Every structure is written in C-alpha cells, then in structure tokens.
Amino acid sequence: ITDRLVEEKKLELSENRYKSLFDNNLDSVFSLDLKGSILSVNEMAIKTFGYSKEEFIHQNPRDFIITEFKEEVSELFKNVLSGEARRISIQGLHKDSSRVDLDVTVMPIIVKSQVTGVFCLAKDVTKEREHVKTIEKLAYHDHLTGLPNRRNLMILTDNYIQKAKKQDFMIGVL
C-alpha cells in the first residue's frame, strides 16, 4: 500500500507540473489529437488570438492561420506525427481579422513509445517583427523625408552596376 501511495503522489506531482507548465506558459500552448483537432488551449492562446476556449476546442489549428501557410502546416503536422519536433514561422489570424506573426514549435506527445498527440507552442513575435521593419526603414531612408538615404543609394547603385556588368549594359549616375 505504501508503494502505491508513493506512486500516486509521484503521478499527482507530475500532473501538477504539466498543468503548471501548460497553464502558466507565456506562449500560446495547444494540445492536439492525432487528427489535428484542438483538445485544449492555455490562457495565452486566448489572449493572442481573441477566441474563447470553447471556440478553439475541436477546431483545426489551420483555421487560425492565413491561407499561404496552410499547406506547409499540414505537411509539418505529418512530420510531427512521425515523431519529429519542428519549428516554423507563420502568420495567424486574430478574431478581429488582424494578422499575428508567430514562431511555432510543434512536437509529438509520446507515451510508451507511441505518438498520442501533438503540442504546439506559438510565440507572438508581431511586435519584434514590426521593430525590425522600423529599424530597416530607418537604416535605409531619411527619417524626415522618408526618401532613400545615401546607404540605400550605394546599395542600389552597386546592384545596378552588377546587373549592367552581367548583361553588358552601360549605366550612368547623375
């Protein structure tokens, strides 16, 4: 009886750790069945996408991403079902129809050497991507006029010179 109580305590501790990792994760977490239906989501997924838990359950995650990525995601899901964890950068759809840039990690749930489901962790990187675009714009455009700056001119000039050399054209810069 003592061994059974010890095992039950270990199981309870393990379940509580899993629940804590799932519920308190700063990224969106989805658990899926083998058909790709969402079984559970955490609070961050609800905040990131704007849907309620009930709206997520039994849906396919492909319903929450933009069309350009759906085929790639389907292929990725097949690979994960064979036991491989994968990463992908995609854009999701918020309930308000805005796009959400995501870095997604998809991994198999393996129990007794069998894939029994899939976990998806989706990190919202929308703000980071917007910051990168702003930095790139500031690096190559004048901040007052928005016109291309000298650095941009040098890059464009070099590209045109290389293209002219390859196609045996002459160019001039005024």
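So for Lys163, Lys53, what's the accessible-area order with a 1.4 Å probe, most first?
Numbers: Lys163 110, Lys53 85 Å².
Descending accessible area places them as Lys163, Lys53.
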Which residue, chosen from Leu102, Val132, Ala122, occupies the Cα position most advanced towards the positive end of the dipole of the chain, where the dipole is computed from +1 (Lys, Arg) and -1 (Asp, Glu) charges on Cβ about the Cα centre? Val132
In Å, what is the Rg of the alpha-carbon atoms in the range 4-73, and how long is Dmax? 15.2, 52
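How long are the three semi-axes of the equivalent ellipsoid of the range 60-126, in whole Å, if each is the root of 5 times an eigenvalue of the C-alpha gyration tensor, listed from largest down? Can you show the working numbers first?
Working: eigenvalues 111, 25, 19 Å².
Square roots of five times the eigenvalues give 24, 11, 10 Å.
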Computed about the Cα centre, the charge dipole of the chain from +1 Lys/Arg and -1 Asp/Glu charges at the Cβ has a magnitude in debye, to the nearest 20, of 520 debye
Name the aspartates and glutamates eligible as straight-distance cross-link partners of Lys123: C-alpha to C-alpha under 14 Å, and not fewer than 8 places from it in the same chain. Asp27, Glu43, Asp101, Asp103
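Could you tell me the relative contact order of the range 2-51? Use alpha-carbon pairs under 8 Å, at least six residues apart, and round to a whole percent. Can you show the working numbers first?
Numbers: 35 pairs, mean separation 13.4, N = 50.
Reported as a whole number, the value is 27 percent.
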Taking alpha-carbon centroids only, the range 1-54 lies from the range 71-119 a number of Å equal to 16 Å
Would you please put 117-123, 95-101, 56-62 in order of how densely packed they are, using the mean number of other Cβ atoms within 10 angstrom per residue and starting with the highest? 117-123, 56-62, 95-101
Just to verify a number: what accessible area does Ile109 come out at with the full protein assembly present, 1.4 Å probe, Å² rounded to tens? 40 Å²
Extension gain (nm, one decimal) between Lys35 and Lys19, 0.36 nm per residue minus Cα-Cα: 3.5 nm
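Per DSSP H run of n ≥ 4, the term is -39500 (n - 2.57); total these for the chain, divide by its residue number, and report the mean residue ellipticity at 222 nm rounded to 500 deg cm²/dmol. All intermediate terms of the calculation are to be shown ahead of the outcome.
Working: 6 runs with 77 residues, N = 174.
The per-residue figure over the chain is -14000 deg cm²/dmol.
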Just to compare against my own numbers: the Cα pair-distance distribution for the range 29-174, 5 Å bins, whole % per bin, please. 2, 9, 14, 15, 12, 8, 8, 7, 8, 7, 5, 3, 1, 0, 0
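Calculate how large, on average over all directions, the projected area of the Cα convex hull of the range 89-174 is; give the answer in nm² to one decimal. The partial results should precede the final answer.
Numbers: hull surface 45.5 nm².
That works out to 11.4 nm², a quarter of the Cα hull's surface.
Could you compute the FRET efficiency for Asp142 and Ile66, with r as their C-beta to C-beta distance and R0 at 35 Å, rounded to 0.05?
Numbers: r = 33 Å, r/R0 = 0.94.
So, using R0 = 35 Å, E works out to roughly 0.60.
Which order do Glu84, Glu71, Glu15 take when ranked by solvent-accessible area (1.4 Å probe, heavy atoms of all protein chains), largest first?
Glu71, Glu15, Glu84
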Would you work out the relative contact order for the chain, in percent, from Cα pairs under 8 angstrom that are 6 or more residues apart? 16 percent
Which distance in nm do the two modelled labels at Leu26 and Lys165 give, with both placed 7 Å along the Cα-to-Cβ direction? 4.6 nm
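The values are calculated or read from the model by the stated rules, or taken from the named source; none is laboratory data. In this text, all values refer to a predicted model and were calculated from it rather than measured experimentally. Quick reminder, even Gly has a Cβ in these numbers, built from the backbone with ideal geometry, and neighbours come from all protein chains shown. Only protein heavy atoms, including side chains, enter the accessible area calculation; ligands, DNA and RNA are left aside. Shrake-Rupley method; radii C 1.70, N 1.55, O 1.52, S 1.80 Å.
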